[in-house]
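Worksheet: the structure to be examined is printed underneath.
The values are calculated or read from the model by the stated rules, or taken from the named source; none is laboratory data. Quantities reported herein were computed from a predicted structural model and do not represent experimental measurements. Cβ sites come from the backbone with ideal geometry, for glycine too, and all protein chains shown count toward neighbours.
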Amino acid sequence: MADIGTEQGRKGDWVQIHSTVLPAGQRSPAVPPETQAVPLEMRVKGFLDHDAAVGDEVTVTTAIGRTLKGTLEAVNPPYTHTFGPIPPELVHVGVELRERLKGGGDR
């Protein structure tokens, strides 16, 4: 398997691809004008079906077995999503709840 950040992927590597689902101007008239003005894009992670370099058109097989086509963006891509910072009000909820369940604390 390839290392994170490599420019070359081999068949079977976990990769991320990018493709344009709908070009700007072809999106639903129900979406706002500023949304219609940009393309609808898709990024998908899956297993590379053949050796390729970043920037090549490739096919991947997703974890559920779908075959999709797109431009290879990354080999061994990291997960970068986040739910943002924790609200301060929730930091102690778990501790307080455990105390109440044990019979301590106010009811």
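May I ask you to verify whether Thr71 is at pLDDT 90 or above, in contact with an Asp or Glu (Cβ under 8 Å, 6 or more places away or on another chain) and closer than 25 Å to Leu22 by Cα? Here the answer is yes, as Thr71 does meet what is asked.
Given the structure, is Gly55 small (Gly, Ala, Ser) and at positive phi? Criteria met by Gly55.
Let's see how each residue does on (1) surrounded by 10 or more Cβ atoms within 10 Å (Cβ to Cβ); (2) out of contact with any Ser or Thr (no Cβ under 8 Å at 6 or more places or on another chain); (3) not polar (S, T, N, Q):
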site	(1), (2), (3)
Val31	yes, yes, yes
Asp51	yes, yes, yes
Leu68	yes, no, yes
Val75	yes, no, yes
Pro87	no, yes, yes
Arg98	yes, yes, yes
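I'd like to know if segment 90-99 contains one or more residues that are in contact (Cβ under 8 Å) with a residue 12 or more places away in the chain and either of a type in the set (Asp, Glu) or more than 15 Å from Arg10 (Cα to Cα) (or both). Looking through segment 90-99, none of the residues is in contact (Cβ under 8 Å) with a residue 12 or more places away in the chain and either of a type in the set (Asp, Glu) or more than 15 Å from Arg10 (Cα to Cα) (or both).
Yes or no: Gly55 loosely packed, with under 15 Cβ neighbours inside 10 Å and modelled with pLDDT under 95? In short, no.
Residues are listed down the side, and each one gets a yes or a no for (1) over 19 Å from Thr80 (Cβ atoms); (2) charged (D, E, K, R); (3) surrounded by 15 or more Cβ atoms within 10 Å (Cβ to Cβ):
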{"residue": "Gly12", "(1), (2), (3)": "yes, no, no"}
{"residue": "Ala24", "(1), (2), (3)": "yes, no, no"}
{"residue": "Glu34", "(1), (2), (3)": "yes, yes, no"}
{"residue": "Thr62", "(1), (2), (3)": "no, no, no"}
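Would you be able to say whether some residue in segment 92-99 is assigned to a loop (DSSP other than H, G, I, E, B) and in contact with a Leu (Cβ under 6 Å, 6 or more places away or on another chain)?
no
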